[in-house]
Amino acid sequence: SGYYVTIGTIKEVGIEYGWWYRSCKDRTCAKSLKDIGGKYKCDGCGEESIDFMSRYKIHLAVIDETESMSLVVSEREAQNFLKKSCNEMRHKIFEK
């Protein structure tokens, strides 16, 4: 389906920002939400809801022989790699 090139090695998965975020349930928006006392308000479209969609946002430190860089793995790439949606992954982790 595609060609992959090794650009480096994952040195660290950043945890200070978390690995997922609450996003707008509107799939065309997908912006992050602000918690406003039990409800969530979308930064993009302004909608308010008590429900949200979980989306991946994984921070990585990657190194090669010469440099290091920070990358953010977004929803589509993380889901393709992990073979699970963010909602599925969260439920699997928080069930235990």
Which residue pairs have Cβ atoms closer than 8 Å, lie 6 or more positions apart in sequence or on different chains, and pair a first residue in region 52-67 that is part of a loop (DSSP other than H, G, I, E, B) with a second residue that is surrounded by fewer than 17 Cβ atoms within 10 Å (Cβ to Cβ) and hydroxyl-bearing (Ser, Thr, Tyr)? Asp64/Thr9
When Lys39 is evaluated against the numbered criteria (1) modelled with pLDDT under 90; (2) farther than 19 Å from Ile58 by Cα, which criterion, by number, is the only one it fails? (1)
May I ask you to list the residues in region 1-29 that are within 20 Å of Lys84 (Cα to Cα), assigned to a loop (DSSP other than H, G, I, E, B) and open to solvent by 80 Å² or more (accessible area, probe 1.4 Å)? Ser1, Ile15, Lys25, Arg27
For region 68-82 the number of residues that are under 20 Å from Ala30 (Cα atoms) and outside any helix (DSSP H, G or I) is 4
Across region 30-83, the tally of residues that are among the polar types (S, T, N, Q), under 15 Å from Val13 (Cα atoms) and open to solvent by 70 Å² or more (accessible area, probe 1.4 Å) stands at 2
Among the residues of region 84-96, how many are in a helix (DSSP H, G or I), surrounded by 12 or more Cβ atoms within 10 Å (Cβ to Cβ) and of a type outside the set (S, T, N, Q)? 5
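The values are calculated or read from the model by the stated rules, or taken from the named source; none is laboratory data. Predicted model, so just to flag it, every value in this text is computed and none were measured. Cβ atoms come from the backbone with ideal geometry, glycine included; neighbour counts cover every protein chain shown. With ligands, DNA and RNA removed, areas are computed over all heavy atoms of the protein, side chains included. Shrake-Rupley method; radii C 1.70, N 1.55, O 1.52, S 1.80 Å.
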